[in-house]
Amino acid sequence: MPKPPGALVVKWRDLASSGKSYAEIARRYSTYSADQVRHYCLGTSGKHLPGPLQTPGRWNGRNVWLQGERSPHAEMTMAQAKAVLDDWDEEKDRWGTPGSEWARKLKVSPSTIHMLRRGETWRHLEHPNQGRRPKKKKSRRTGRAAASS
């Protein structure tokens, strides 16, 4: 790939600072790849050129265009993720179906289900059951502990 002229890099940096993704910028300038655009916008190359440098975590460490099932790493669909999260049993104050059972049903690893339930993945759903845990119950003292004291 050819090296971009300095004026083009400045244009890229302006576009990136206005909120455009590196992929969107690369689509406008098809001679260059998104990686090359990112490389120049972050200042890895061409630091001497004018224009605002981007920070690597400009979207809080998340690629907003590749969340959920749009991610190449997604193991389930949005409908499946919501079905797992909707499985909270209010009466019993716990998950209705074990995570291992959901994992078998959806053909994913149990850790995938547990990370979803803890809210580590699919955060953009902002589902009310993400990160939900049973309320801790107060332990009752047994007669044995009281009698031996």
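Test of understanding: among Val84, Val108, which residue is surrounded by 12 or more Cβ atoms within 10 Å (Cβ to Cβ), modelled with pLDDT of 90 or more and part of a loop (DSSP other than H, G, I, E, B)?
Numbers: Val84 fails: part of a loop (DSSP other than H, G, I, E, B).
After applying the criteria, what remains is Val108.
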Practice prompt. Find the residue count for the stretch 9-41, including only residues that are surrounded by 17 or more Cβ atoms within 10 Å (Cβ to Cβ), in a helix (DSSP H, G or I) and either free of Cβ contacts under 8 Å to residues at least 24 places away in the same chain or of a type in the set (Phe, Trp, Tyr) (or both).
Written response: 8
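Identify all residues within the stretch 112-121 that are surrounded by 14 or more Cβ atoms within 10 Å (Cβ to Cβ), part of a loop (DSSP other than H, G, I, E, B) and either out of contact with any Gly (no Cβ under 6 Å at 6 or more places or on another chain) or of a type in the set (A, V, I, L, M) (or both); write none if there are none.
Restricting attention to the stretch 112-121, the residues satisfying the condition of being surrounded by 14 or more Cβ atoms within 10 Å (Cβ to Cβ) are 112-117, 119, 121.
This time we only want the ones that are part of a loop (DSSP other than H, G, I, E, B), so: 119, 121.
Once the filter is applied, which keeps residues that are surrounded by 14 or more Cβ atoms within 10 Å (Cβ to Cβ), part of a loop (DSSP other than H, G, I, E, B) and either out of contact with any Gly (no Cβ under 6 Å at 6 or more places or on another chain) or of a type in the set (A, V, I, L, M) (or both), the stretch 112-121 yields only Thr121.
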Fill in: Neighbours by Cβ (under 7 Å, 6+ apart or cross-chain): first from the stretch 123-149, in the same structural domain as Ala81 (by TED's automatic domain parsing) and exposed (fewer than 10 other Cβ atoms within 10 Å of the Cβ); second modelled with pLDDT of 85 or more and not β-branched (Val, Ile, Thr)
none
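Out of the residues in the stretch 77-95 that are of a type in the set (Lys, Arg) and more than 18 Å from the chain's Cα centre (by Cα), which is nearest to Trp122 (Cα to Cα)? Before you say what the answer is, go through the steps one by one.
Taking the stretch 77-95 and keeping what is of a type in the set (Lys, Arg), we get 82, 92, 94.
From what is left, the residues that are more than 18 Å from the chain's Cα centre (by Cα) are 92, 94.
Details: Lys92: 25, Arg94: 20 Å.
Result: Arg94.
The values are calculated or read from the model by the stated rules, or taken from the named source; none is laboratory data. Note that this is a predicted model, so its numbers are computed, not measured. Positions of Cβ are generated from backbone atoms using ideal geometry, with glycine treated the same way; all protein chains shown enter the neighbour counts.
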